[in-house]
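The values are calculated or read from the model by the stated rules, or taken from the named source; none is laboratory data. Every value quoted in this text rests on a predicted model; they were computed, and no experiment measured them. Cβ atoms come from the backbone with ideal geometry, glycine included; neighbour counts cover every protein chain shown. The accessibility values were calculated without ligands, DNA or RNA, using every heavy atom of the protein model including side chains. Shrake-Rupley method; radii C 1.70, N 1.55, O 1.52, S 1.80 Å.
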Amino acid sequence: MTNLIELRDVCLRLDEDFAIQDLSFEVREGEIFGFLGPSGAGKTTTIKLLTKQLKKQAGEIFLMGESIERTKRSRYDEIGILSDTSNLYDRMTIEENLKFFAALKNIPGSEVAEVLKNVDLLEEKKRPFKKCSKGMKQRAILASAVLHRPRLLFLDEPTSGLDPATSQEIHKLLENLNQQGTTIFLTTHNMEEADKLCQRVGILNRGKMIACGRPRDLKLEFAKDEVEILTTDREILRMKKDREGAARIAEIISQEKCLTIHSKEPNLEEIFLQLTGREF
Amino acid sequence: MDVSMRKIGVLYKKDFMDILKNVSISISCVIPVFFAVLYKYLFSELPMPEGYLLSLILALNLTMGAVMIPATSIAEEKEKHTLRTLMLSNVSGLEFCVSKLLVTSSFMLITNLLIFFIMSVKIAWLPAFIVITVVCAFPVIVLGAVVGLAARDQMTAGVYEIPLMLVFLLPTIFADLNKIAGIIADFTPCHAMVQIVSNLTTGELASTDTLLAAVVVIAWIIVAVAAFVALFRKKGVDN
């Protein structure tokens, strides 16, 4: 599988401190890659490096197979970016905004209606952007970023500050986009979101990658070596995953005393806390 | 740096419509036109050299519109992060700035033409009038863009605009009343434009005065472009 993004030992110092330190990872074509970490971990800085808003001081960055220094401007036409500060024009309607960005990206204006439909804003297209709710604004901004059906989409905290219902809608949109072939690089500090959407995640802390892999694999890697059993007596029993524990579990089951049985896998948030001791 | 004329065209169309909807900017174009109407009907009976009132209103238009439109417009895009969205949509800083300069020039041309027709000056002067006003406005528009690049937000741009507007406008207004103001005015692009337009209306366009005023305008073009390039290289367009 082709790597659309590849970083090798990338370093960046900002104000004497390392913002990014020896960062190495890759994002494969067709996946949703979650880039996780608390505020100030270096997630947005990494996006800025990948979108040429900042220059690395050491290491190598490859974008769509080309070294980022040699990446031509036209290559960025294949990329969509929704940053944490992206915005549209207040005095224009949603439709005018999207038609403007469609024209900038050399896309027929007729395709705007389809994108508006996909983000569920077709009926609100004549609404001035400044009069939209936060959720509508975010969907309109996302629509402007994906108008040209990008091969690679950078999303920086796309659901930050949105209510759960709107976040769900955005998640659905992202899943649809991914199914249509768009590779998504998603930064978030919402571990639930990452768990739900991402095929692989990387956890960043103080500019360093401290874990990377499929959420399920990470959970197994950091899972406690025990199983929790709820008995018919409403008693919770914890057994080690060894020969002795297996015998005890078999005994409880044979006595028909077992109500539920669970392996103790941590969620991504617990993994992060275990790795860093930091709070979100 | 590669520049796409198609993108500049799209940006130009958007900027033009946006300025029309932006009351705080479009008012700077309406005020000189309003004064042209006012002066025309209030002072047309007074004994004044032909073209004097025209020059006065052109000076007002030049210092208000040419500074305010690019400065406020660029600063607003920075403040509201729409500039960042444009940059991330593969628009270059140069394409963004060229569009702002072209839109401001268009608005200046439209208001200057309105003023020209309201003041009912000779239609034969129109071609020369267009060339003079467009060329003389250029350095002031570029300086307005410099203010926009230097400012963080609209409020800062407003603070930076005022001294520039006063330095260009006041000496021109008081040039005939005060000797020092007259000397200072001789070195401003605003007064140079007034001088050349006056020479046009009095039939003295081919004169030493016109040549000196043209030299002042050319010097300002060099200064403004140098300031723009230096700031653009140092800061880029975005915060």
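B:Thr208 fulfils the conditions (1) surrounded by 15 or more Cβ atoms within 10 Å (Cβ to Cβ); (2) hydroxyl-bearing (Ser, Thr, Tyr); (3) farther than 18 Å from B:Met68 by Cβ except for a single criterion, (1).
Matching residues to (1) among the hydrophobic types (A, V, I, L, M, F, W, C); (2) under 21 Å from B:Val30 (Cα atoms); (3) in contact with a Gly (Cβ under 6 Å, 6 or more places away or on another chain):
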| position | (1), (2), (3) |
| --- | --- |
| B:Leu62 | yes, yes, no |
| B:Ile69 | yes, yes, no |
| B:Thr72 | no, yes, no |
| B:Thr85 | no, no, no |
| B:Ser92 | no, no, no |
| B:Ile115 | yes, yes, no |
| B:Val134 | yes, yes, no |
| B:Ala145 | yes, yes, no |
| B:Ala150 | yes, no, no |
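Looking across the range A:222-245, the residues that are surrounded by 13 or more Cβ atoms within 10 Å (Cβ to Cβ) and in contact with a strand residue (DSSP E or B) (Cβ under 8 Å, 6 or more places away or on another chain) come down to A:Ala223, A:Glu226, A:Val227, A:Glu228, A:Ile229, A:Leu230, A:Thr231, A:Leu237, A:Met239, A:Lys240, A:Lys241, A:Gly245. Filtering the range A:65-87 down to residues that are within 23 Å of B:Val3 (Cα to Cα) and among the aliphatic types (A, V, I, L, M), which residue is farthest from the other protein chains (Cβ to nearest Cβ)? Only one residue tops the list, namely A:Ile68.
If you go through the range B:113-131 one residue at a time, do you hit one that is away from chain A (no Cβ under 14 Å), closer than 21 Å to B:Ile196 by Cα and of a type in the set (S, T, N, Q)? Checking the range B:113-131: at least one residue is away from chain A (no Cβ under 14 Å), closer than 21 Å to B:Ile196 by Cα and of a type in the set (S, T, N, Q). Only one of the listed residues (B:Ala226, B:Ala206, B:Ala230) is at pLDDT below 95 and assigned to a helix (DSSP H, G or I). That residue is B:Ala230.
Close Cβ contacts (under 6 Å, 6 or more residues apart or on different chains) running from residues in the range B:147-175 that are touching a residue at least 24 places away in the same chain (Cβ under 8 Å) and on the phi < 0 side of the Ramachandran plot to residues that are open to solvent by 50 Å² or more (accessible area, probe 1.4 Å) and assigned to a helix (DSSP H, G or I) comprise B:Val147/B:Tyr160; B:Ala151/B:Tyr160; B:Asp153/B:Glu79; B:Gln154/B:Glu79. Has the range B:65-81 got any residue that is within 14 Å of another protein chain (Cβ to nearest Cβ), touching a Ser or Thr at 6+ places or on another chain (Cβ under 8 Å) and surrounded by fewer than 17 Cβ atoms within 10 Å (Cβ to Cβ)? Within the range B:65-81, not a single residue is within 14 Å of another protein chain (Cβ to nearest Cβ), touching a Ser or Thr at 6+ places or on another chain (Cβ under 8 Å) and surrounded by fewer than 17 Cβ atoms within 10 Å (Cβ to Cβ).
Residue-wise test of (1) closer than 20 Å to A:Val146 by Cβ; (2) open to solvent by less than 20 Å² (accessible area, probe 1.4 Å); (3) without any contact (Cβ under 8 Å) to a residue 24 or more places away in the chain; (4) out of contact with any Asp or Glu (no Cβ under 9 Å at 6 or more places or on another chain).
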residue	(1), (2), (3), (4)
A:Val10	no, yes, no, no
A:Arg13	no, no, no, yes
A:Glu26	no, no, yes, no
A:Gln53	yes, no, yes, no
A:Ile61	no, yes, no, no
A:Glu66	no, no, yes, yes
A:Arg70	no, no, yes, yes
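Quick check: anything in the range B:17-26 more than 13 Å from the chain's Cα centre (by Cα), in contact (Cβ under 8 Å) with a residue 40 or more places away in the chain and more than 12 Å from chain A (Cβ to nearest Cβ)? So far as the range B:17-26 goes, no, none of its residues is more than 13 Å from the chain's Cα centre (by Cα), in contact (Cβ under 8 Å) with a residue 40 or more places away in the chain and more than 12 Å from chain A (Cβ to nearest Cβ). For A:Pro150, the requirement of being open to solvent by 60 Å² or more (accessible area, probe 1.4 Å) and either more than 9 Å from chain B (Cβ to nearest Cβ) or assigned to a helix (DSSP H, G or I) (or both) is not met.
Which count do you get for residues in the range B:112-146 that are part of a helix (DSSP H, G or I) and either free of Cβ contacts under 8 Å to residues at least 12 places away in the same chain or open to solvent by 10 Å² or more (accessible area, probe 1.4 Å) (or both)? Number of matching residues: 18. Taken over the range B:43-91, residues that are assigned to a loop (DSSP other than H, G, I, E, B) and either out of contact with any Lys or Arg (no Cβ under 8 Å at 6 or more places or on another chain) or at pLDDT 90 or above (or both) amount to 13.
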